[in-house]
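Asks: Attaching a single structure in structure tokens format; questions to follow.
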Amino acid sequence: MTEAELRDIVRAAILEVMGPSPRRALVVFTGGLLGFEDAIASLRVLAAQGVQLDYLQTPSAERILDQDLIRSLGMREVSKRMVEEHDMLIAPTLTSNIAAKVAHGIADCLASNLFSEFIMANRLVVASRTAICPDGSAKQSWFPHMPPAYADLLRGNLSALAAFGVRLTESRFLCRTALAAWDRRDQERRAPFVAELGTSVAGVLAGLDGPA
């Protein structure tokens, strides 16, 4: 066996052990209607990628959003262990109300509490800005005459969420953004081990080359 072959074997074994763990996300539906259908389509693709999606809804989401579309995703509705069992929070229909609360550290309802806990625990959070962003075509189509000061307020809340580590995206890109966030987190967790890999392999080879 050559040195290169042994290095490849050791590398493959270590990377297999350090492979990505099963991905499970908590999907929190709030009452943002803009971008809802795009969000459903994106979540459907995410589920097809093997991600376990569990969900809950706020009262406004239950009133406003198409419940048949939500049920068509086949997600499991949850009411317990919402933080412990999920490594990502996804808000596919984030509202200005929840965004404002989270941006100012207010956690007085289920959705804002979940955002707060995931952020403080440094867990992954992905949220759609489609229903909020004053610069998006969807928001502009509904409110073409929004006062500049109010638009700045909405931008400020979104900027605060981004500063907290929330990954903001358009509803149609939720799947891509979530997968990229998981991939980056997996790479960060593997990096120290990968850095040591060369040294470990060198030690193995040195042992093989030493006296019998």
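Asks: Give, as a single signed number, the net charge of other residues whose beta carbon lies under 14 Å from the beta carbon of LEU69, with Lys and Arg counted +1 and Asp and Glu -1. List each step's numbers first, then the result.
Replies: Values: positive: ARG44, ARG71; negative: GLU37, ASP38, GLU62, ASP66, ASP68.
Net charge in that neighbourhood comes out at -3.
Asks: A follow-up question, please. Rg(Cα) of segment 17-125 divided by 2.2 N^0.38 Å?
Replies: Numbers: Rg = 13.7 Å, N = 109, 2.2 N^0.38 = 13.1 Å.
Compared with the compact-globule rule of thumb, segment 17-125 sits at 1.05.
Asks: Please give me the summed charge of the neighbours of ASN157: other residues whose Cβ is under 14 Å from its Cβ, Lys and Arg +1, Asp and Glu -1. List each step's numbers first, then the result.
Replies: Numbers: positive: LYS101, ARG129, LYS139, ARG155; negative: ASP135, ASP152.
Spelling it out: positives minus negatives among the neighbours equals +2.
Asks: Can you send over the carbon and sulfur percentage of the accessible area for segment 40-129, probe radius 1.4 Å, protein chains only? Don't jump to the answer; show the numbers that get you there.
Replies: Working: 2060 of 4250 Å².
C and S fraction of accessible area: 48 percent.
Asks: Whole number in Å², please: accessible area per residue of segment 74-186, 1.4 Å probe, ligands, DNA and RNA not counted. If you can, show how the numbers build up before the last one.
Replies: Values: 5600 Å² over 113 residues.
I get 50 Å² per residue for segment 74-186.
Asks: So between SER141 and ARG71, what do we pick up on full extension, going 0.36 nm a residue minus the alpha carbon distance?
Replies: Values: separation 70, 0.36 × 70 = 25.20 nm, distance 2.83 nm.
Answer, rounded to one decimal: 22.4 nm.
The values are calculated or read from the model by the stated rules, or taken from the named source; none is laboratory data. The shown structure was predicted, so the numbers you read here are calculated from the model rather than taken from an experiment. Quick reminder, even Gly has a Cβ in these numbers, built from the backbone with ideal geometry, and neighbours come from all protein chains shown. For the accessible areas, the whole protein counts, side chains as well, though only heavy atoms, and no ligand, DNA or RNA atoms are used. Shrake-Rupley method; radii C 1.70, N 1.55, O 1.52, S 1.80 Å.
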